[in-house]
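The values are calculated or read from the model by the stated rules, or taken from the named source; none is laboratory data. Keep in mind the model is a prediction, meaning the values are calculated, not measured. Positions of Cβ are generated from backbone atoms using ideal geometry, with glycine treated the same way; all protein chains shown enter the neighbour counts. SASA here: full protein model, heavy atoms, side chains in, ligands and nucleic acids out. Shrake-Rupley method; radii C 1.70, N 1.55, O 1.52, S 1.80 Å.
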Amino acid sequence: MRVTLDWLGVSTFRLTVGDLVVFLDAYLDRVPAAPPIGLTTADVTRADYVLVGHSHFDHLWGADRIAAQTGATVVGSYESVRMLVDAGVPNEQVVAVAGGEPVQLGDGIRARVFPSLHTCLWCLGAMDATTVNTGDLGVALHERERRMAEGLAAWGEVPEILDHVLSGPHARGDGGPLIYLIETPDGSVLWQDSAGSWSALLGGLTPDVALLAAVGRPNRDGEPYQGSLADFVADEVALLRAGRVALCHHDAWLPPVTPALPVEPFASELTRRELPVEVLELDYLEGRNIL
Ligand SMILES: [Zn+2]
């Protein structure tokens, strides 16, 4: 079976397995200042499934339109599904999951769902790949929320961003992030759309390809990661024992607050650790054969 992957910016991908078309997240309609992907939701005429990692706008938005235009079934958290139904997606076209569910997508193709974690949005340290961030441990939820609101207020000072984020619905928090292991007859793809994880869940998944979010202050097991973003990604690759890895969420998706992060420092850290993994550097809409 031919298995191809298009990166569509942020953590959104289009995975095709033979005739099956699966979107991973659906955020194609970005702010005008973001680099063009070459595809908008209006262009999408074929999709069988949309898997949603979490409920934030830069992941979930667009899933309702793709569902309406293609008849695709959307799989996501209970919060993502609630928002989609509120947006008019019929109940027959949504599947709510929380982790632990094997979802059959096609003949010999299934998505296994696992609970995951969001980056620590309440930590406001340096956001490049190699700066070592430490501290911010043990912060209680209400204090996290206060700090997060303070940090996000800066986004609201950019009119284009404010207009964009006010143009659609908003979730209760992140809705509970999920990761997916998509198993095909030709191999498996692990997809994560925010830089956080329960480390005990990653061991033993051994995907052929891991698509890992590389942005923000990572979250390991519920606390801010003590180290750099490149260290965190390398830790995940080591735990997963992935054969190949591609980064996501590292593009300039919401200028000017999100500069693009180069892949090189991540690749260097993997090389330094002598991890047997191939780094796939993807451009938008490339249709790369990955398995
Ligand atoms: Zn998010």
Point to revise | Selection from the range 68-83 of residues that are open to solvent by less than 10 Å² (accessible area, probe 1.4 Å) and away from the ligand (no atom under 16 Å from the Cβ) | key: 72, 74, 75
Review point. Out of all the residues in the range 233-291, which are over 16 Å from the mean Cα position of the chain (by Cα) and of a type in the set (S, T, N, Q)?
Key: 268, 271, 289
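State the number of residues belonging to the range 201-214 that are under 10 Å from the mean Cα position of the chain (by Cα) and either part of a loop (DSSP other than H, G, I, E, B) or within 15 Å of the ligand (Cβ to nearest atom) (or both). Working first, answer last.
Of all residues in the range 201-214, those under 10 Å from the mean Cα position of the chain (by Cα) come to 211-214.
Now narrow it down to the ones that are either part of a loop (DSSP other than H, G, I, E, B) or within 15 Å of the ligand (Cβ to nearest atom) (or both): 212-214.
Residues that pass the stated criteria total 3.
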Practice item. Kindly indicate whether residue 257 is modelled with pLDDT under 95 and not charged (D, E, K, R). Key: yes
Exercise for review: Can you give me the number of residues within the range 163-200 that are more than 16 Å from the ligand (Cβ to nearest atom) and either farther than 17 Å from residue 245 by Cβ or touching a His at 6+ places or on another chain (Cβ under 8 Å) (or both)?
Suggested key: 9
Point to revise | Given (1) without any contact (Cβ under 8 Å) to a residue 60 or more places away in the chain; (2) within 23 Å of residue 260 (Cβ to Cβ); (3) touching a helix residue (DSSP H, G or I) at 6+ places or on another chain (Cβ under 9 Å), index of the condition residue 44 fails | key: (2)
Exercise for review: Would you confirm whether any residue within the range 37-48 is within 16 Å of the ligand (Cβ to nearest atom), open to solvent by 10 Å² or more (accessible area, probe 1.4 Å), under 15 Å from residue 164 (Cβ atoms) and outside any strand (DSSP E or B)?
Suggested key: no
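Determine which member of the set 223, 236 is open to solvent by 10 Å² or more (accessible area, probe 1.4 Å), among the acidic types (Asp, Glu) and in contact with a Leu (Cβ under 8 Å, 6 or more places away or on another chain). I'd like the intermediate steps shown before the answer.
Details: 236 fails: open to solvent by 10 Å² or more (accessible area, probe 1.4 Å).
The match here is 223.
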Exercise for review: Would you please list the contacts, defined by Cβ atoms under 6 Å and residues six or more apart or on different chains, that run from a residue in the range 134-146 that is within 25 Å of residue 231 (Cα to Cα) to a residue that is of a type outside the set (Val, Ile, Thr) and at pLDDT 95 or above?
Suggested key: 134/226; 136/224; 137/223
Point to revise | Condition check for residue 59: within 30 Å of residue 204 (Cβ to Cβ) and assigned to a helix (DSSP H, G or I) | key: yes
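Of the residues that make up the range 55-62, is at least one acidic (Asp, Glu) and surrounded by 17 or more Cβ atoms within 10 Å (Cβ to Cβ)?
Residues of the range 55-62 acidic (Asp, Glu): 58.
With the extra rule that they be surrounded by 17 or more Cβ atoms within 10 Å (Cβ to Cβ), the set shrinks to 58.
Scanning the range 55-62 turns up at least one residue that is acidic (Asp, Glu) and surrounded by 17 or more Cβ atoms within 10 Å (Cβ to Cβ).
Which one is most open to solvent (accessible area, probe 1.4 Å) among residues in the range 120-146 that are part of a helix (DSSP H, G or I) and within 16 Å of the ligand (Cβ to nearest atom)? Break it down stepwise before answering.
Kept after step one, since they are part of a helix (DSSP H, G or I), are these residues of the range 120-146: 141-146.
Checking which are within 16 Å of the ligand (Cβ to nearest atom) leaves us with 144-145.
Details: 144: 46, 145: 90 Å².
Residue satisfying both the conditions and the ranking: 145.
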Check your understanding: Got at least one residue in the range 96-116 being within 16 Å of the ligand (Cβ to nearest atom) and under 24 Å from residue 195 (Cα atoms)?
Key -> yes
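Scanning for something of a type in the set (Phe, Trp, Tyr), at pLDDT below 95 and within 16 Å of the ligand (Cβ to nearest atom), does the range 58-67 turn up at least one residue? If you could, list the steps in order and put the result at the bottom.
Step one: of the range 58-67, the residues of a type in the set (Phe, Trp, Tyr) are 61.
From what is left, the residues that are at pLDDT below 95 are none.
No, the conditions are met nowhere in the range 58-67.
Collect the residues in the range 178-216 that are open to solvent by 10 Å² or more (accessible area, probe 1.4 Å) and charged (D, E, K, R), keeping them in residue-number order. Reasoning before the result, please.
Going through the range 178-216, the residues open to solvent by 10 Å² or more (accessible area, probe 1.4 Å) turn out to be 183-188, 198-201, 203-206, 208, 215-216.
Matches in the range 178-216: 183, 186, 208.
Return the residue satisfying two criteria in turn: it lies in the range 14-36 and is under 24 Å from residue 82 (Cα atoms) and among the acidic types (Asp, Glu), and of such residues it is nearest to the ligand (Cβ to nearest atom). I'd like the intermediate steps shown before the answer.
First, the residues of the range 14-36 that are under 24 Å from residue 82 (Cα atoms): 14, 21-30.
Subsequent filtering for residues that are among the acidic types (Asp, Glu) retains 25, 29.
On the way: 25: 10, 29: 16 Å.
Here the residue is 25.
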